[in-house]
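I have placed the structure first, in the form of structure tokens, so that the comments after it can refer back to it.
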Amino acid sequence: MNVYFSCSLTGGRQDQRIYGQIVDHLVALGHTVPTAHLASPDIMKLERIEEPHQIYQRDIAWIRACDVLIAEVSTPSHGVGYEVAFALGLGKPVLCCYLDGAAVSKMITGNDSPGMVVRAYRAESEVLKLVDDFLEPTADL
């Protein structure tokens, strides 16, 4: 399955370790993750090399090509919100997961769009189960 992984970049990288766990898990399961580089501790250096319009065009193409979008939304991010809305507009299934207690926008937690799943996790170990549960019904994509 082609999985677009979305996470905060400029909004903060304090959850980078969780991002890495999610991406590593997806790749270990055999999924294609074009945004795997977003989990890298060096992503901010890598992203400075490209112009904003290049990143926008690249990421929009990746969202169009993905089967599902998984977003870790514990850290607020304009870009993640945009990507979630864009994917939903294309009819893509979307999982937004966040650490229980994080201040997540009500535009995410209150979104009842078809295909939108929002789940909190209490411990890092739970997030991978959320990912697995989300992907199971879409495994035939």
Non-local amide H neighbours of residue 6 (under 5 Å, H modeled in plane, Pro and chain starts lacking H): which ones? 70, 71, 72
Full extension from residue 58 to residue 117: what is 0.36 nm times the residue separation minus their Cα-Cα distance, to one decimal in nm? 18.8 nm
Cα gyration tensor category, rounded, prolate or oblate, for the chain with a/c compared to 1.5: rounded
Of every hundred units of 1.4 Å-probe accessible area on the chain, the number belonging to carbon and sulfur atoms, as a percent, is 55 percent
Computed helical MRE - 222 nm, the chain, DSSP H runs ≥ 4 contributing -39500 (n - 2.57), nearest 500: -13000 deg cm²/dmol
Just to confirm, what accessible area per residue do you get for the chain at 1.4 Å probe, in whole Å²? 53 Å²
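Summing +1 for each Lys or Arg and -1 for each Asp or Glu, what net charge is found among the other residues whose Cβ lies under 13 Å from the Cβ of residue 133?
On the way: positive: 119, 129; negative: 126, 132, 136.
Charge balance in the 13 Å sphere: -1.
The values are calculated or read from the model by the stated rules, or taken from the named source; none is laboratory data. As the structure is a prediction and not an experimental result, all values here were calculated from the model. Note that each Cβ is placed from the backbone with ideal geometry, even for glycine, and that neighbours are counted across all protein chains shown. Surface areas here come from the heavy atoms of the whole protein model, side chains and all, with no ligands, DNA or RNA. Shrake-Rupley method; radii C 1.70, N 1.55, O 1.52, S 1.80 Å.
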